[in-house]
Structure formats: C-alpha cells, structure tokens
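Report on the following structure.
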Amino acid sequence: MGMQNQGPAGRGTTAWRQDRVPAVRLAGLRKSFGQLAAVDGVDLEVPQGEFFTMLGPSGSGKTTMLRLIAGFEQPDSGVIELAGADVTRKPPYSRDVNTVFQDYALFPHMSVLENVEYGLRVRRVPRAERRSRANAALEIVRLPGLGGRKPVQLSGGQRQRVALARAIVNEPEVLLLDEPLGALDAKLRQEMQLELKRIQREVGITFIYVTHDQEEALTMSDRLAVFDRGQIEQLGTPVQVYEQPATDFVAGFIGISNVLERGGRRFTIRPEKICLLADGEQPPTGSHIEQGRIDDVIYLGSATRYQLTLSGGGQLTAVRQNTQDAVAGTLGAAGQTIGVAWREDQAYEIAGRRRGAAASADDLAPAGQRPVRHEGRERG
Amino acid sequence: MEGRLARIGLRIWVGGVLLFLFVPIGIICFYAFNSSNVQSWPIHGLSVKWFSVAWHDPQVRAAFLLSLRAAIFATVVALLLGSAAAFGVHRFRFFGREAVSLLLVLPLSLPGIITGIALNSAFNFAGIGLSLLTIIIGHATFCIVVVYNNVLARLRRVSGSVNEAAADLGAHGLFLFRTVTLPMLSTAVISGALLAFALSFDEVIVTTFTAGAQNTLPLWVFGAIRLGQDLPEVNVVVVGVLLLTVVPVIAAARLTGGGGITRGSAAGPRISGG
Ligand SMILES: Nc1ncnc2c1ncn2[C@@H]1O[C@H](COP(=O)(O)OP(=O)(O)O)[C@@H](O)[C@H]1O
Ligand SMILES: [Mg+2]
C-alpha cells in the first residue's frame, strides 16, 4: 500500500518528452505460437529515459514482448521502432538494446570483468577504455573489486548485478529486464528494487521492466502497462492504474478489488478508501453511505481488514489503519452491522468487463449485461 | 539401531560387488608380473620380463599400431560427424529430426554382432576389401554416438540463453562461436573424444567382422587366449589396454562431471542434475 500519499500527478510524464522520438514504438505487434496468440496486437510508445513496466500474470506474453523487442523472435505482423528507426527485421546483434535475462545468462568461462567487457569487445573498444568503462559499470552496480571472480563464485544477488553491469556498460538506447529479481529472496528483492531505481536515474537509460509482482511495478515504474493474454489492459502511471483500474482484470490483479454494481453501473473502490463508521460517528461530507454486515475481521498488524456484505448487494473488503484511536476490535465483531461510507469521487466506474477475468466480481453482474469497452479487443 | 545395521549391511554388499568386479582385473595385473610362463598359484616369482617380451613381439606391435591408428581415425571421424550432427539436431527444426536423433543413437544399443555382420555384408556387396578403412568405419558407427550425445547434452544445457546473451551484446557469426559457443562446448567435445577413443581401442565384436586378416590388439588377445598361446604376454597386453582405456574414461568423467558441466550450469540459478 502506501500509494495514497502520492499526488495523482504521479512521477514521470513531463512535457519535454513529447517533442522527442520515443525510445521504443510498437505498432500492431502480433506473435503467435501455433494457435496461441502470445502477443495479440500491442501498440505502445515508451519515451526516452522512462522506467516502464510490463505487469501481468505468468503466461500473459511479457517475455515474448521483450524477445520481440530484442530481436530473438520475429513478429507475425506489426512494427518495432527504436529511437525512430524501424528494426522489425533486424537481428538481435544490430539492435541498440540490451537484456538482463531472468537466469542472468552470464558467460561461465569468463571472469566477471570479461563478462562486463564483452559488449565493448564486440564493438572493438580499445582495451584500456574497455577496462575503465567495465570497472565504472561494476562501480555503479556496487560490485567493485570482484572483476577477477568467475560467475560461479558469486551469490545470486551478485550475479544479478553483474548481468546488469554487462548490459548498462554498453549504454544502450533501451534496457530490457525480464523479472530480474525473480530469483532473489524477499529482502534482497526490496534492496535491489531501490538499487535498480537509483541506477536507472544515474545512467538515464530507458528501462523496460517485466514483472508479475504488482507491488514491484507500482513502486518502481514511471508508467506501467498491465498485460493479460497478450494485450494491454491498461496503460498509465502507478497512481492511475491503482486508483482507477480500467477493467475488472486490472482491479483484480492490482491490489484487492472491490467491484459493486449500483443502478446497472459497475464501480470499484480501493479497500483503504472505505470509511467504517463506529456507532454515532459522522461520515465525511460528500460521502455515499450504506449499511453493511461484518463477515470477518482480520488483524494485519498495522491495519485491520474487514470483509463486509452490503445490504444494498455486493461484498467489500475494507482496510483500516490501526492508528491510536482506531485499534482492531473497536468497530465490532463479525455479525454486527455498521455504516460503510466512501467519497463519491473515490468510486470509479469500470468501463468494461473483459472475458470474465476477475473471478471475485463474477457474482455481481448478470452475464447478459456486460458493457463493452474496446470492441475490437473483445473475445468470446 | 535398524538404520545402523542396514548401513553396515549395505557397505558389505557394495564391497562385495566391487570385489566381484575388480578382483579378476587385479589378478590379471598381478599375473603380468609373474616370472613363470605357467599361471599357477602361488606364483613362482616377480618379474617384468614379459613386458619386454611383449614390447618386442612384432605381432603385438603390429596389432598395437593398428589399434592405435583405428582408434585415432575413428575418433577424428566421430568428432567431425558427431559434433556436426549434434549442432544440426540442436539448432534446426526439420522434418524427421526425432528420427535422425534416434537413428544416430541406435548403433550404441544395437548388439555389436548385428552391426558387425551388417557392415561385413555391406562391404562385401560394395566390393570393398576389409582393411584399416573398414575398421575405422565400423568403429565410427558407435564412436559418433558418444561424441553426439556428449555435445548435444551440453548444447541443450547451456547454449540457449548464453548464446542469446552474446547476440544481445552485439556478437554474431564466427566471433560469437569462437568466444562463447566453443569454449562452453570444449570440455564436452574433449570428453566425447576420449570416450570414443577408449571404446574403439578395446572393441572386439564389430572389429571381428570388419578387420579381415589383420589383428587389432583386442583381436590378438582374443586369438591368443583361444589358442592358449603366449598367455604371459596376454596379461601384459591386457594391462596396457586397461591403462589406455581407463585413463581417457576417467579424464572424460572429470571433464564433464567434475569441472566443465557443473561450472557451466552453476552460472544460472537452475541446478541441473547429473
Ligand atoms: N517458444 C514458444 N513456443 C511456444 N509457445 C510459447 C513460446 N514462448 C512462449 N510461448 C507461450 O506464449 C505465452 C506467453 O508466454 P510468455 O511470453 O513467456 O509469458 P510471460 O513472460 O508473461 O509469462 C505462454 O502461453 C507460453 O506458453
Ligand atoms: Mg516470462
């Protein structure tokens, strides 16, 4: 959580970017493996210097997207442009893109320094310059002095940093990262998330970052695209995507989704935006108030989660911070009925329901009346 | 208590199996130093004279040289064809790829007598006289498999992402092959070659059908034993063959098991068995 403190302006999108060519432009990109459309019509522009994340569940086509951009896969149709140049038919070695592979793919027979130098060696950079640039890159990833080791002598986190150094030393137009923190334990992951952010700011390279971890995507990205079945469900800043999920799928995939149907229209409200009213307590002005029965109270430490069934229909999850005057239990136990309120402007209408993606919302709307958002993207 | 007993029992069992396997070999090695030409227990005395006799025996020498030449050439052929086949099968998707893969491996599991007879009739049919060349062809049938299997296993294990990483960093063609593909394969290729050499050097059955009138070292041993001649020399030759086949096999095992492969796979997070 912790998102509510950030202004809706978010990070990233600034005006100067608009008059530059985007670092990456994808148009109508499609790639199928047999019957399966792994990437199913993607249009996307990533401005230079952005930390852009592709977020989606496993199998949603994220890796295939990166492989298309890197040139390891050929698209069935569509165009890939890097810094304004069409590279769709170019092989990987002539694209100004570098990848940090999920399994790192370090060269086991080379030392760390030789690994990092490899891209420069290919480009015939003189030895002395190669050395100093490789050492500088190792410095940036905070691995100075380990250049003489073999990859096998490093820990997982260190290998990850070598893979990163090996890529950024070439100063590519775009850096592709495929779940780079996936193999690390939770503590190291958090450390590396901050590190990656810092490194991206320092080197100013456009990052296209792939993850299935919504928290990682929200905390690191300037903008993100939520993927499902090879298509972009929603594109926006973390704040936009979190606060205003465009579809059931996004609402369900990012955080806990609350989807309510009122008057034939469907809304989503984030759990921490719901105000639970103790006896006699007045809601903030401009609130929408309903009555709800508490089904379950779950103590989470810093917060308490309430499962509610509303008398107006539908179920909600509400999260309440355990501040000094709102400790768990003060609101009543399961079975009691309390007032539930939220500000009208915190409930966002969901424009489309796609392919029944969010199971939690399925029981709220009769199957007959599903509004359609993007006609062309609907599938049976 | 039960675990302890089971452990002791297991140790005794393993010890028994090892004795069963190695005592006969030990006895032969011991007999090689027997001073008498009669094999009887206890031996009369220790001597190295049979080593000298065997070394100077022109028949043994000829057989040894033939075996060496056959093994070297068969290994070279296996290296070229086996590696090429492994690359082809690994790199390209083509119709009948699985069939090709199976057919390549088949000669190893086929009884040698079938390979031998088949080759013998084929050479007869084609009017090719039995010679060093036919021995080499016969040995190549199973030596290719060894190299092919070794190289293919390594390719499957390491090449994909590492070659892509090299291409991603701008390398291609010969440079990529020289700096990444080949170094990662080299230990697999070498160990394949050593195994092929060892297999060829002590092969009897296929050789029987492809050698004609000539004797390789194993054929000479075989013949001597059947006729009951030169038995002390046989012991010496067996020790020689043993050294020439065991040493490459151990070296190959170290290359693939001890160093090369584990080092290769340990660079990634995935741990591969074997
Ligand atoms: N080389 C391939 N051959 C066949 N199917 C593939 C191949 N690569 C990916 N796929 C399929 O495409 C879909 C998307 O895969 P992927 O891009 O790896 O997803 P993600 O990275 O989001 O988990 C999956 O269903 C996967 O099985
Ligand atoms: Mg993936």
Subject >> Shielding of A:65-76 by partner chains, average beta-carbon count, 10 Å >> reply: 1
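Report the longest stretch of chain B that contains none of the chymotrypsin sites (Phe, Trp or Tyr not before Pro) sitting in a DSSP loop with at most 16 other Cβ atoms within 10 Å. Don't skip to the answer; put the middle values down first.
Details: sites that count: B:Phe92, B:Phe94, B:Phe95.
Value returned for the longest uninterrupted segment is B:96-274.
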Original post:
Hey, with R₀ at 45 Å, roughly what FRET efficiency would B:His56 and B:Leu10 work out to, going by the Cβ-Cβ distance, to 0.05?
Top reply: 0.40
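Could you tell me which trypsin sites (Lys or Arg not before Pro) in the stretch B:54-156 are loop residues by DSSP with no more than 14 other beta carbons within 10 angstrom of their beta carbon?
B:Arg93
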Original post:
Which one of A:Gln102, A:Gln307, A:Gln321 has the biggest mean-square fluctuation once chain A is modelled by GNM with Cα springs under 10 Å?
Top reply: A:Gln321
**OP:** With no solvent and one equal point scatterer per Cα, compute the Debye intensity ratio I(q)/I(0) for the stretch A:24-233 at 0.09, 0.15, 0.17, 0.19 Å⁻¹ and report its log10, rounded to two decimals.
**Re:** -0.34, -0.94, -1.18, -1.41
Original post:
Farthest toward the dipole's positive end in chain A, which of A:Leu146, A:Thr64, A:Ala341, given Cβ charges of +1 (Lys, Arg) and -1 (Asp, Glu) about the Cα centre?
Top reply: A:Leu146
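Can you sort A:Asp86, A:Asp228 by solvent-accessible area, 1.4 Å probe, largest first?
Details: A:Asp86 90, A:Asp228 15 Å².
Sorted by accessible area, descending: A:Asp86, A:Asp228.
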**OP:** In whole Hz, with x marking every Gly and Pro, tabulate ³J(HN,Hα) for the stretch B:225-234 from phi via Karplus 6.51 cos²θ - 1.76 cosθ + 1.60, θ = phi - 60°.
**Re:** 5, 4, 7, x, 9, 6, 4, x, 5, 4
**OP:** Report relative contact order for the stretch A:120-185 in percent, whole number only (criteria: Cα-Cα under 8 Å, sequence separation at least 6).
**Re:** 33 percent
Subject >> the stretch A:209-270 pair-distance distribution - Cα-Cα, 10 Å bins, rounded % >> reply: 22, 55, 20, 4
**OP:** Calculate the tail of P(r) for chain A: the fraction of all Cα-Cα distances greater than 35 Å, expressed in %.
**Re:** 36 percent
Original post:
What residues qualify as long-range amide H neighbours of A:Glu233, i.e. H under 5 Å apart, gap of 5 or more or another chain, H built at 1.01 Å from N?
Top reply: A:Val226, A:Phe227, A:Asp228
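Using only the heavy atoms of the protein chains and a 1.4 Å probe, how would A:Lys62, A:Lys150, A:Lys197 rank by accessible area, largest first?
Values: A:Lys62 10, A:Lys150 70, A:Lys197 30 Å².
Output order, biggest surface exposure first: A:Lys150, A:Lys197, A:Lys62.
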Original post:
Anyone know which of A:Val297, A:Val24, A:Val226 comes out most mobile in the 10 Å Cα GNM of chain A?
Top reply: A:Val297
Original post:
What number, rounded to the nearest 500 deg cm²/dmol, is the helix-based mean residue ellipticity at 222 nm of chain A, given -39500 (n - 2.57) per DSSP H run of at least four residues and division by all its residues?
Top reply: -6500 deg cm²/dmol
Subject >> Lysine pairs in the protein assembly as shown with Cα atoms under 27 Å, if 8 or more residues apart or on separate chains >> reply: 8
**OP:** Report the relative contact order of chain A, percent, no decimals, based on alpha-carbon pairs under 8 angstrom and at least 6 residues apart.
**Re:** 16 percent
Original post:
So how strong a dipole does the stretch B:50-273 carry about its Cα centre when Lys and Arg Cβ are +1 and Asp and Glu Cβ are -1, to the nearest 20 debye?
Top reply: 680 debye
Subject >> Those residues of the stretch A:101-121 for which accessible area with every protein chain present is at least 30 Å² below the isolated value (1.4 Å probe) >> reply: A:Phe101, A:Asp103, A:Ala105, A:Phe107, A:Pro108, A:His109, A:Tyr118, A:Arg121
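I need the semi-axes of the equivalent ellipsoid of the stretch B:1-97: take the C-alpha gyration tensor, multiply each eigenvalue by 5, square-root it, list largest first in whole angstrom. Kindly include the intermediate steps, with their values, before the conclusion.
Numbers: eigenvalues 335, 234, 11 Å².
So the three semi-axes of the stretch B:1-97 are 41, 34, 7 Å.
What number comes out for accessible area per residue over the stretch B:50-273 if the probe is 1.4 Å? Units Å², please.
Details: 10860 Å² over 224 residues.
Value returned for the stretch B:50-273: 48 Å² of accessible area per residue.
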Subject >> Portion, in percent, of the accessible area of the stretch A:24-233 that falls on carbon or sulfur, probe 1.4 Å >> reply: 46 percent
Original post:
Mean 1/r over all different Cα pairs, inverted: what Kirkwood radius does the stretch B:50-273 give, in Å?
Top reply: 19.1 Å
**OP:** Quick one: order A:Leu113, A:Leu164, B:Leu81 from most to least accessible surface, probe 1.4 Å.
**Re:** B:Leu81, A:Leu113, A:Leu164
**OP:** For chain A, build the charge dipole from Cβ charges (+1 Lys, Arg; -1 Asp, Glu) around the Cα centre, then report which of A:Pro91, A:Thr237, A:Ala351 sits farthest towards its positive end.
**Re:** A:Pro91
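In Å² (nearest 100), what accessible area is buried between B and A, both sides summed, heavy protein atoms only, 1.4 Å probe?
Working: alone 16250 and 17650 Å², together 31620 Å².
Buried area (both sides, nearest 100 Å²): 2300 Å².
To the nearest 20 debye, what is the magnitude of the charge dipole of the protein assembly as shown about its Cα centre, counting +1 on the Cβ of each Lys and Arg and -1 on the Cβ of each Asp and Glu? Show your work: numbers first, answer last.
Working: 64 positive and 55 negative charges, 364 e Å.
My answer is approximately 1740 debye.
Which whole number gives the average, over all residues in A:81-94, of C-beta atoms from other chains lying within 10 Å of the residue C-beta? Mind showing how you got there, number by number?
On the way: counts 0, 0, 0, 0, 0, 0, 0, 0, 0, 0, 2, 9, 10, 3.
Per residue, the average neighbour count from other chains is 2.
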Subject >> Share of Cα-Cα pairs in the protein assembly as shown lying beyond 40 Å, as whole percent >> reply: 52 percent
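Under unit Cβ charges (Lys, Arg +1; Asp, Glu -1), what dipole magnitude, rounded to 20 debye, does the stretch A:24-233 have relative to its Cα centre? Provide the component values of the computation, followed by the final result.
Working: 28 positive and 28 negative charges, 208 e Å.
Around 1000 debye, computed over the stretch A:24-233.
The values are calculated or read from the model by the stated rules, or taken from the named source; none is laboratory data. What you see is a predicted model, and the numbers here were worked out from it, not measured in a lab. Positions of Cβ are backbone-derived with ideal geometry, glycine not excepted, and every protein chain shown enters the neighbour counts. To get the accessible areas, we keep the full protein, side chains included, count just its heavy atoms, and leave off ligands, DNA and RNA. Shrake-Rupley method; radii C 1.70, N 1.55, O 1.52, S 1.80 Å.
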